Structure formats: structure tokens, C-alpha cells
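See structure below.
The values are calculated or read from the model by the stated rules, or taken from the named source; none is laboratory data. Keep in mind the model is a prediction, meaning the values are calculated, not measured. Every residue, glycine among them, receives a Cβ derived from its backbone with ideal geometry; neighbour counts consider all protein chains shown.
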Amino acid sequence: MLAKRTIPLIIAALIGFLLIATYFIPYTEQWGATAMEMFIILAAAAMVLGAGNLIMLNLSKISGKKPGWAYGAITLLAFFGTLAVGVFKIGALPTVTSPDNPWTAPLVSQEGVPFWWIYSYVYKPLTATMFAMLAFYIASAAFRAFRAKNIEATLLLGTAFIVLLGQIYAGEWLTSFLPDLTSYVMSFPDTSQAFAQAIGIQVQNGVPLVDMTYAGTAFAEMTAEHQALATQVNDYLGGWWYQFINGLRLENLTQVILDVPQKAGNRAIMIGIALGIVSVSLKVLLGIDRSYLGSDD
């Protein structure tokens, strides 16, 4: 019991508190680096155990002719094939640093070698296919979640509809009649459009009128005509009416939703996750949660 339960608990607690201390005590940084090197070694051992478990499970499925045993055979063939190509560096090319020892070269960065071919033309397409299939599950989940059965679901549906429209050209076209900087600049004579465009961009970026520049000329050094035009553009684009109407354009409304409520909700979720991680970590370090040690048998 001492070797199976108590010693692992002590090791986990010491290493855990040591890694926490490295963020606050500079003297312990080297100890933390050593602990992380030990973790890399343990991770490598865990990969060996994971590979053994993969082989045993699929061999059991194949020998018992269980449903899906053919997929197990394909998995093992792909596993051993990739492992052999990677371990024995089949087809590796000489490098500048090791012209006589190509087996020491990194295979993924060598274009055209067998391991690069497997990674680029087998692994990447399979990964892309996996994520592409998620779109159908997301669409199905969205269909169920966006049913306007109550006020909350209706708000969710409306917000999602606005955000989706704001991401495509159709949404921008639907509200193109509302004023924006481009349409406002086009109302000026051709000789003044470049100046109005430059001043309008600065207004949108929150630059005060007295700090505005054009072609390297400060506002105070501009001609009276340019100062009057800059003041006119600043008053119009900075006015509440334009800000309100322009904010109703779907692309702008989408950005507001993403920047304010969505970001606030995302941060709240991340704070909750962080608190959960801290809680679980303390339970593990203090020996309250011992599930990682397995059963008492």
C-alpha cells in the first residue's frame, strides 16, 4: 500500500507544488525545468503503453471477428507502416549538418520522402475530413438549439442569424443602403475625396481633430479650406446619428456582437474553466482526489 498509494501521492504533490513555485520563486526555475524533463521521459513511456494498448485492443477485435474488425486491421497496418518508416528513416535525404547520416534528419521537413508523403497525403486529408464532418453535427445541433421555443432561444436564434449574415456578402448587400465611410466620401468632389477618406479613417480610429494629419501636415498647419472640411467630416462621422445608423449595418452589428457579449461570455467561460482547473489541481496535490492512482485493489 505504501508503494502503490502513499509514495505516488507524495511525488505528485511535491512536483505539483514545485511547478507552481517556479512561477513565483526564481530560484526554483531550474528545478522546474528538471521536473519537466522528467515529465517528457514519462510521456514517452506513456506513448509506449498507449501503443501497446492500441495493438492489444485491435488484435482482440480482429481475432474475435467483432464488428468493425476490418477497421482494426487497417489501423494496425497504418500504425506499423508509419512506425517502420519513421523509426528506420526510410528514404531520408542527407542534410547539410549530416551529409553521411541521413537517418538523423527530420523527416517531416524533407519534402518528397515517404514519411512526408504519409503525413501530407494521408494524415492531413484524414484530419481535414474529420473536421469537415463536424460541420454536419454542428448544423444538426444548431437546428435543435435554435428552435424559438422561449425567449432565450429566440434571442439565441436572432443573434446567430445576424452573425451568420454579417459574415457573408449577402448580409453586407442587404444593409448596403445604410451610410458608411465609402458612400460618404463619394458625396464629395473628386478633388476632395482622398482628403475626406484620410480624415474619415482617422475619425473611425478615434483620433482627435487637433491631432489629425494629412500627407504629413498637421491639422494646425492645414489650409483654412482643409480645416473646415476636416471639421465637417469629423462632426458627421462622429455624430450620434451616423454612429447609430452605421452600427445597424450587418457587418458592423456582427462585429459589435462578437466584441462585446460574445467576448464577455467567452471570458466568463474561461474564468470558470480556470477555477475548475485550480480546484481539481488542488484536490490532486492535497491527496483528496486519488482517482489517477486507480482502484484500491
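Among the residues of the stretch 136-155, is there at least one that is β-branched (Val, Ile, Thr) and either outside any helix (DSSP H, G or I) or at pLDDT 90 or above (or both)?
no
So if I check each of Ala33, Ala46, which one is under 22 Å from Val278 (Cα atoms) and either within 32 Å of the chain's Cα centre (by Cα) or of a type outside the set (A, V, I, L, M, F, W, C) (or both)? Even if it seems obvious, please write down each step before you answer.
Numbers: Ala46 fails: under 22 Å from Val278 (Cα atoms).
Going through Ala33, Ala46 in turn, just one is under 22 Å from Val278 (Cα atoms) and either within 32 Å of the chain's Cα centre (by Cα) or of a type outside the set (A, V, I, L, M, F, W, C) (or both): Ala33.
Testing Asn234 on (1) more than 30 Å from Leu14 (Cβ to Cβ); (2) without any contact (Cβ under 8 Å) to a residue 24 or more places away in the chain, one condition comes back false. Which one is that?
(2)
Of all residues being surrounded by 13 or more Cβ atoms within 10 Å (Cβ to Cβ) and small (Gly, Ala, Ser) in the stretch 254-297, which is modelled with the highest pLDDT? Just the residue, please.
The residue in question is Ser281.
If we keep just the residues of the stretch 157-198 that are acidic (Asp, Glu) and part of a helix (DSSP H, G or I), which is modelled with the lowest pLDDT?
This residue is Glu172.
Search the stretch 61-82 for residues that are closer than 15 Å to Tyr123 by Cβ and in the same structural domain as Gly50 (by TED's automatic domain parsing) and pair each with any residue that is part of a helix (DSSP H, G or I) and not aromatic (Phe, Trp, Tyr) when their beta-carbon atoms are under 8 Å apart and the residues are at least 6 apart or on different chains.
Thr75/Leu54; Thr75/Asn58; Ala78/Val122; Phe79/Ala51; Phe79/Leu54; Phe79/Ile55; Gly81/Ile118; Thr82/Ile118
Of all residues in the stretch 199-214, which are touching a residue at least 12 places away in the same chain (Cβ under 8 Å) and not in a helix (DSSP H, G or I)?
Met212, Tyr214, listed by residue number.
For residues that are of a type in the set (Phe, Trp, Tyr), assigned to a loop (DSSP other than H, G, I, E, B) and at pLDDT below 75, tally how many sit in the stretch 80-132.
So the answer is 0.
Given the structure, is Gly206 surrounded by 12 or more Cβ atoms within 10 Å (Cβ to Cβ) and out of contact with any strand residue (DSSP E or B) (no Cβ under 6 Å at 6 or more places or on another chain)?
No: the conditions fail for Gly206.
Within the stretch 211-225, can one find any residue that is aliphatic (A, V, I, L, M) and touching a strand residue (DSSP E or B) at 6+ places or on another chain (Cβ under 9 Å)? Show your work before the answer.
Filtering the stretch 211-225 down to residues aliphatic (A, V, I, L, M) leaves 212, 215, 218, 220, 222, 224.
Applying the additional criterion that residues be touching a strand residue (DSSP E or B) at 6+ places or on another chain (Cβ under 9 Å) yields 212, 222.
Within the stretch 211-225 (the criterion being aliphatic (A, V, I, L, M) and touching a strand residue (DSSP E or B) at 6+ places or on another chain (Cβ under 9 Å)), the answer is yes, since at least one residue qualifies.
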